[in-house]
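The values are calculated or read from the model by the stated rules, or taken from the named source; none is laboratory data. Remember, it's a predicted structure, so these values are computed and weren't measured experimentally. Here the Cβ positions follow ideal geometry from the backbone for every residue, glycine too, while neighbour counts run over all protein chains shown.
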C-alpha cells in the first residue's frame, strides 16, 4: 500500500461533532482540541456541531456529512461510554461501509499508559462510508489528544508511510473546487 501514500501534504475537509448532554460551545474542550489540532496540521474545518446524546440526531448529522461531497473526515467526540445515554457507536455503526477495526484496538493500546485497565471501557471506533472516514472518540479532552497525537495526525497526512487514509477519501481536488 505504500504506493498509495502521496508525496505532498493534502489538506482535508474535516467536520467535528461533539456529543454531550452537559457541554456547551463555551465548555467543549474536547471538540476545541480537535479543531485546534486539525487547523494546526493544515487541514480545514468543514463544520462543527454540538448535539445532545440522541441516537437519531447523531445518525442524521453524520449521515448528512457522509453524503456531502466536500466532507472527507468526520471526528466525533463523546457518547462512547456505557451509560444509558451513550449511543454514538450505535448511531454510527450502521452507516459504515467498512469498519477500521485497528483504530479502536490501537486507541485502547495507547490509552493504557494514561488510564490503565479502564481502557477496556472505551468503545472508540472508526470506519469508511462513501469515501468519508468517520472516527468515534471518547468525550474526554485527554482521549481526543491521545487519538489525534497517536493515530489521526499521521493517518490524515498523505506523507505518512507506509500508508494513510488520504487515498481512500473523497478526492481533495474535487472538494476544493466545490467549497
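So how many residues does region 35-71 have that are more than 15 Å from residue 156 (Cβ to Cβ) and either in a helix (DSSP H, G or I) or out of contact with any strand residue (DSSP E or B) (no Cβ under 9 Å at 6 or more places or on another chain) (or both)? Step through it out loud before you land on a result.
Of the residues in region 35-71, the ones more than 15 Å from residue 156 (Cβ to Cβ) are 47-70.
Filter again for either in a helix (DSSP H, G or I) or out of contact with any strand residue (DSSP E or B) (no Cβ under 9 Å at 6 or more places or on another chain) (or both), leaving 55-67, 69.
Residues in region 35-71 being more than 15 Å from residue 156 (Cβ to Cβ) and either in a helix (DSSP H, G or I) or out of contact with any strand residue (DSSP E or B) (no Cβ under 9 Å at 6 or more places or on another chain) (or both): 14 in total.
In region 24-53, which residues are under 18 Å from residue 133 (Cβ atoms), in contact (Cβ under 8 Å) with a residue 24 or more places away in the chain and crowded, with 16+ Cβ neighbours inside 10 Å?
Passing the criteria: 31, 34, 37, 38, 41, 43, 44, 46, 47, 48, 49.
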**OP:** Test each condition in (1) surrounded by 20 or more Cβ atoms within 10 Å (Cβ to Cβ); (2) on the phi > 0 side of the Ramachandran plot for residue 116 and report the one that comes out false.
**Re:** (1)
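Touching a strand residue (DSSP E or B) at 6+ places or on another chain (Cβ under 6 Å), at pLDDT below 95 and either crowded, with 23+ Cβ neighbours inside 10 Å or more than 17 Å from residue 31 (Cβ to Cβ) (or both): does that describe residue 127? Before you say what the answer is, go through the steps one by one.
Details: touching a strand residue (DSSP E or B) at 6+ places or on another chain (Cβ under 6 Å): yes; at pLDDT below 95: no; either crowded, with 23+ Cβ neighbours inside 10 Å or more than 17 Å from residue 31 (Cβ to Cβ) (or both): yes.
So residue 127 fails the test.
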Subject >> Breaking point among (1) modelled with pLDDT of 95 or more; (2) buried (at least 20 other Cβ atoms within 10 Å of the Cβ); (3) farther than 28 Å from residue 24 by Cβ, for residue 152 >> reply: (3)
Subject >> Lone qualifier among 97, 21 - being in contact (Cβ under 8 Å) with a residue 60 or more places away in the chain, more than 19 Å from residue 149 (Cα to Cα) and surrounded by fewer than 16 Cβ atoms within 10 Å (Cβ to Cβ) >> reply: 21
**OP:** State whether the residues of region 84-93 include one that is over 15 Å from the mean Cα position of the chain (by Cα), surrounded by 12 or more Cβ atoms within 10 Å (Cβ to Cβ) and in a helix (DSSP H, G or I).
**Re:** yes
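Condition test on residue 122, is it modelled with pLDDT under 95, out of contact with any strand residue (DSSP E or B) (no Cβ under 6 Å at 6 or more places or on another chain), closer than 29 Å to residue 20 by Cα and surrounded by 16 or more Cβ atoms within 10 Å (Cβ to Cβ)?
yes
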Subject >> Complete set of residues in region 100-115 that are touching a strand residue (DSSP E or B) at 6+ places or on another chain (Cβ under 7 Å) and without any contact (Cβ under 8 Å) to a residue 24 or more places away in the chain >> reply: 104
